[in-house]
Amino acid sequence: MDIKKPSRVLVNNCLKIKKNESVLIVTDKKRKKIGGAILEEVKKVTSNVKIIETPVAKENGNEPPKIIAKEMLNYDVVICPTTKSLSHTKARLNATKQGARIVTLPGITNEIMQIIDVDYNKIKKITLKLKKILDKSNKIHILTKIGTDVTFLNKKRKWIPDLGFVHRAGESGNLPAGEIFIAPKETNGILVLDNSKHNQKNFAPSKTKLIIKKNKVIYISNSNSKLGKVFKTIKNATNIAELGIGTNYKAKIIGSTLQDEKSISTIHIAFGNSSGIGGNVYSKIHKDIIFQKPTILVDDKVIMKEGKFT
């Protein structure tokens, strides 16, 4: 698969890197080829570019080594094609506070690179139409056929659109793009997992049940699953960190969190760290779970019926 064109789109469209800007690429041994392809495109714009290798993290949201976190503070643009996500880390947050523009590409593959080359105006139209509806809402109710029945209270919190454009100092985004998300103020209800296997790892068996009360998981039916062990061993992992809705028309379900969460037919709910997206809980993990073909009610009005916008 050709990754030169999507790398070029990333550099020239998504980031609009300028000749006078400095660029840092943070990658790891499993994503070196993609990091190298991005490096070659950056070099066509600016000579002030450096690529640095970080160890492969154990989980999404794990902090990089201190030397890399420090290095990220010194550049105008930081690009992170890594195996695990740096999106929800203090390192990323501190670098954006310093003024860096950052894009993260956790779990990126040659296949997923292809949906970086999309019509961003089309994604923008879908996402901002949703934002107009969601920003006025107080309550989001999610239902699925196999038993998820959960309510999110979001009053006075604005939804964050991921449009694929990271052009201003201090902005950050995830690529491929195409979602709208929020750190919920309060979550209550039942989650029944229908698609917890991602990136070749099964975090919990299908139909595992979770009970949520006041934004925390208080019960998991399979406590010996990987997800159950994460809840036991990582501080604040039971926090409901994010509710997201996919808005990328080109994203198909392939079993990769990075792409699946952008699909229009899905929502995703994350556990753990919410501090990087407007919440107030920090954890060493941010774990997204995908839910396919949900029904979404916004203040009791249906906006999606079994995976299709109404």
Members of segment 235-277 found to be of a type in the set (V, I, T) and touching a Phe, Trp or Tyr at 6+ places or on another chain (Cβ under 9 Å), listed by number: T238, I240, I245, I264, T266, I267, I269, I277
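How many of the residues making up segment 1-40 are among the polar types (S, T, N, Q) and part of a strand (DSSP E or B)? I'd like the intermediate steps shown before the answer.
Let us first name the residues in segment 1-40 that are among the polar types (S, T, N, Q), namely 7, 12-13, 20, 22, 27.
Now drop any that are not part of a strand (DSSP E or B), which leaves 27.
Qualifying residue count, segment 1-40: 1.
Among the residues in segment 179-202, are any farther than 21 Å from G272 by Cβ, outside the structural domain of I79 (by TED's automatic domain parsing) and touching a residue at least 12 places away in the same chain (Cβ under 8 Å)? So that I can check it myself, show each step before the final result.
Taking segment 179-202 first, the residues farther than 21 Å from G272 by Cβ are none.
Checking segment 179-202: not a single residue is farther than 21 Å from G272 by Cβ, outside the structural domain of I79 (by TED's automatic domain parsing) and touching a residue at least 12 places away in the same chain (Cβ under 8 Å).
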Would you say F271 is touching a strand residue (DSSP E or B) at 6+ places or on another chain (Cβ under 6 Å) and either within 17 Å of T151 (Cα to Cα) or surrounded by fewer than 19 Cβ atoms within 10 Å (Cβ to Cβ) (or both)? yes
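Among what's in segment 129-144 and is over 24 Å from Q292 (Cβ atoms) and not basic (K, R), pick the residue that is farthest from the chain's Cα centre (by Cα).
Checked segment 129-144; the qualifying residue farthest from the chain's Cα centre (by Cα) is N138.
Determine, yes or no, whether P55 is buried (at least 24 other Cβ atoms within 10 Å of the Cβ) and of a type outside the set (A, V, I, L, M). Talk me through it step by step, then tell me what you get.
Numbers: buried (at least 24 other Cβ atoms within 10 Å of the Cβ): no; of a type outside the set (A, V, I, L, M): yes.
In short, no.
Can you go through S206, S274, S221, S265 and tell me which one is among the polar types (S, T, N, Q) and within 14 Å of the chain's Cα centre (by Cα)?
Details: S206 fails: within 14 Å of the chain's Cα centre (by Cα); S221 fails: within 14 Å of the chain's Cα centre (by Cα); S265 fails: within 14 Å of the chain's Cα centre (by Cα).
The unique qualifying residue is S274.
Here are V26, V103: which of them is within 30 Å of G272 (Cα to Cα), over 16 Å from the mean Cα position of the chain (by Cα) and not polar (S, T, N, Q)?
Numbers: V103 fails: over 16 Å from the mean Cα position of the chain (by Cα).
Unique residue meeting the criteria: V26.
Test of understanding: among L93, L191, L128, which residue is closer than 30 Å to K213 by Cβ and assigned to a helix (DSSP H, G or I)? Show your work before the answer.
Working: L191 fails: assigned to a helix (DSSP H, G or I); L128 fails: closer than 30 Å to K213 by Cβ.
When all the criteria are applied, what remains is L93.
The values are calculated or read from the model by the stated rules, or taken from the named source; none is laboratory data. Keep in mind the model is a prediction, meaning the values are calculated, not measured. All Cβ positions, even for glycine, are placed from backbone atoms using ideal geometry, and neighbour counts span all protein chains on display.
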